[in-house]
Number of protein chains: 2
Amino acid sequence: MTSPEPRLVEVRKNILKQNDLTARALRTRFRGAGVFVVSLVSSPGSGKTTFLEKTLTSLRPRYRVAALVGDLATENDATRLARSQAPVKQIITGTLCHLEAAMVEKAVAEAEWNLNDLDFLFIENVGNLVCPSSYDLGEDLRMVLLSVTEGEDKPLKYPTIFNSADVAVITKNDLAAAVEFDSKAALRNIQAVRPGMKVFQVSAKTGAGLDDYLQFLAQRLTELRSTTSV
Amino acid sequence: MTSPEPRLVEVRKNILKQNDLTARALRTRFRGAGVFVVSLVSSPGSGKTTFLEKTLTSLRPRYRVAALVGDLATENDATRLARSQAPVKQIITGTLCHLEAAMVEKAVAEAEWNLNDLDFLFIENVGNLVCPSSYDLGEDLRMVLLSVTEGEDKPLKYPTIFNSADVAVITKNDLAAAVEFDSKAALRNIQAVRPGMKVFQVSAKTGAGLDDYLQFLAQRLTELRSTTSV
């Protein structure tokens, strides 16, 4: 194998270093404005957009929410999320399989949102279980989603993304019986990769499990506000 | 945004160029040996391994088959595929989100398979709808899998991978009703991205649609053998 790996690694390191600096600056701005920022990662088709739409719709009566959504192509997800009536901005990444902090910074600027007017900002990453793991976006909480249709072994096969996330959400639980999902095995695999990880089991379709999750978000916002001077 | 993109692009180009050379050499070897090589790409959890296990089991009574399977971590897939009793070799990619031709070359050498003794070689790529698209593996046919649980819009959101593939396979059709899969919309989206693309709709669980697909593979092998001197 003669591909010039060492040079690629060096260039990647520079990009990651720049990304970390931008992410750190973003995090300081977000905290200063008292907005709690949540990013969502998962493989394509695990229900990120449906889950996020449900999240935005559920939070909106009590909180000021907005969302950024990343995709290689199309504005489909922004259109879907706009049904929640929350402000939404699409980020088109072209061929890039992840969001970077600079894209978040640019999108927030272009959207002309006043961060002080927000309680929650959600960032839906490109559907990918590999690329997004190394890129800090300045978020307070990273959620990795796993649908019951994907199989219980995904945490073992994609350990890095599960390690880089703070919380796991098992989606599409209404289909669990149809696909013979082994919930215990999935939970065991998550804990094997990231011991102590908090896990929510939900169905955006039936609403099952959403209350606990929404309460968790509300509590995290309270904690953020109590440690920063807004 | 100050990340050193031009340099990264240049390094990527070198890697791709090297990959193309290795892939070309592999293709020449595969053709010379009369083995028909099929690669499978899809997002994580769309049923590649189950579909491939079914393919190997179905072909084995009449053909000599083998499989390489790529994953970031774990040998789970190789273990599952070994149940088909076909020779299988796992490729662990570490943090890399795709297979490269050099990895295929190395795995074939390590497996010590005599290519002349094979009819079909299958290569299951890492679960990813972005990274694998640019890497030629020397295959004769690239199949992109899309499960009914992932949603009909995936071809529009990941056009590059659909463009780089020769055939699309819609998997898990036994779940189509449960997830209200809109088959017409999915087919329309595939054709929008890659007009004329051949599509198989299958269920590895019930066996639906598999006959057409297996017949297609057999025909492609016959064509390959008729154009090469084995």
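Where a number appears in this text, it was derived from the coordinates with a stated rule and is not lab data. Keep in mind it's a predicted model, so treat the numbers as computed, not measured. Here the Cβ positions follow ideal geometry from the backbone for every residue, glycine too, while neighbour counts run over all protein chains shown.
Per residue, how much space in cubic angstrom lies within the convex hull of the C-alpha atoms of the stretch B:145-230?
So the per-residue hull volume is 99 Å³.
Taking the Cβ-Cβ separation of A:Arg62 and B:Ala111 as r and a Förster radius of 51 Å, what is the calculated FRET efficiency to the nearest 0.05?
Computed FRET efficiency for A:Arg62 and B:Ala111 comes out at 0.30.
Expressed in nm², what is the orientationally averaged projection area of the convex hull enclosing the Cα positions of chain A?
The Cα convex hull of chain A, projected and averaged over all directions, gives 13.6 nm².
Quick one: with label points 7 Å out along Cα→Cβ, list the inter-copy distances for B:Asn114 in nm, shortest first?
7.9
Just checking the output field for A:150-162: average partner chain Cβ neighbours within 10 Å of each residue's Cβ?
The mean count of partner-chain Cβ atoms within 10 Å per residue comes to 5.
How far is the Cα center of the stretch B:195-230 from the Cα center of the stretch B:104-156, in Å?
The stretch B:195-230 and the stretch B:104-156 have Cα centres spaced 15 Å from each other.
Quick one: which residues, 5+ away or cross-chain, put their amide H under 5 Å from the amide H of A:Asp119? H built at 1.01 Å from N.
A:Arg64, A:Val65
Tally Lys/Arg at +1 and Asp/Glu at -1 over every other residue whose Cβ is under 10 Å from the Cβ of B:Val169; what's the total?
Local net charge: +2.
Using θ = phi - 60° and the Karplus curve 6.51 cos²θ - 1.76 cosθ + 1.60, what whole-Hz ³J(HN,Hα) does each residue of the stretch A:69-85 get, with Gly and Pro shown as x?
9, x, 8, 5, 8, 6, 9, 3, 5, 4, 4, 5, 5, 5, 4, 6, 6
With the contact rule set at Cα under 8 Å and sequence spacing of 6 or more, what percent relative contact order holds for chain A?
Relative contact order for chain A comes out at 24 percent.
Residues with amide H under 5 Å of B:Leu145's amide H, sequence separation 5 or more or different chain, H placed in the peptide plane at 1.01 Å from N; which?
Those lying under 5 Å, H to H, from B:Leu145 are B:Val41, B:Ser42, B:Val169.
Amide H of B:Leu68: which non-local residues (sequence gap of 5 or more, or other chain) have their own amide H closer than 5 Å, using H built in the peptide plane?
Here B:Lys89, B:Phe122, B:Ile123, B:Glu124 satisfy the definition.
Provide the per-residue ³J(HN,Hα) series for the stretch B:9-17, in order, calculated from phi with Karplus coefficients 6.51, -1.76, 1.60 and θ = phi - 60°, each as a whole number of Hz, with x at glycine and proline positions.
Computed from phi, the couplings for the stretch B:9-17 are 4, 4, 5, 4, 4, 4, 5, 5, 5 Hz.
Would you mind computing, in nm to one decimal, how far apart the modelled labels at A:Ala73 and B:Arg29 are, each placed 7 Å from Cα along Cα→Cβ?
Computed distance between label sites A:Ala73 and B:Arg29 equals 3.4 nm.
Hey, for A:Arg83 with labels 7 Å out along Cα-Cβ, what do the inter-copy distances come to in nm, ordered shortest first?
Its label point is 3.7 nm from the equivalent points in the other copies.
For a quick check: sort A:Ser203, A:Ser226 by the number of other beta carbons within 10 angstrom, fewest at the front.
A:Ser226, A:Ser203
Using only helices, what value at 222 nm comes out for chain A when you add -39,500 (n - 2.57) per DSSP H run of length 4 or more and divide by the total residues, to the nearest 500 deg cm²/dmol?
Using -39500 (n - 2.57) per qualifying helix, the result is -13500 deg cm²/dmol.
For B:Ala178, what charge total do you get from the other residues with a beta carbon under 14 Å from its beta carbon, if Lys and Arg give +1 and Asp and Glu give -1?
Neighbourhood net charge equals -2.
Could you run the Karplus curve 6.51 cos²θ - 1.76 cosθ + 1.60 with θ = phi - 60° over the stretch B:86-100 and give me ³J(HN,Hα) per residue in whole Hz, x for Gly and Pro?
Each residue of the stretch B:86-100 in turn: 7, x, 9, 10, 8, 10, 9, 9, x, 9, 7, 8, 7, 8, 10 Hz.
Please report, for B:Asp20, the nm distances (one decimal) from its label point, 7 Å out from Cα along the beta-carbon direction, to the equivalent points in the remaining copies, shortest first.
3.5
Kirkwood Rh over Cα pairs of the protein assembly as shown into Stokes-Einstein at 25 °C, 0.890 mPa s: D in µm²/s?
D, rounded to a whole number, is 107 µm²/s.
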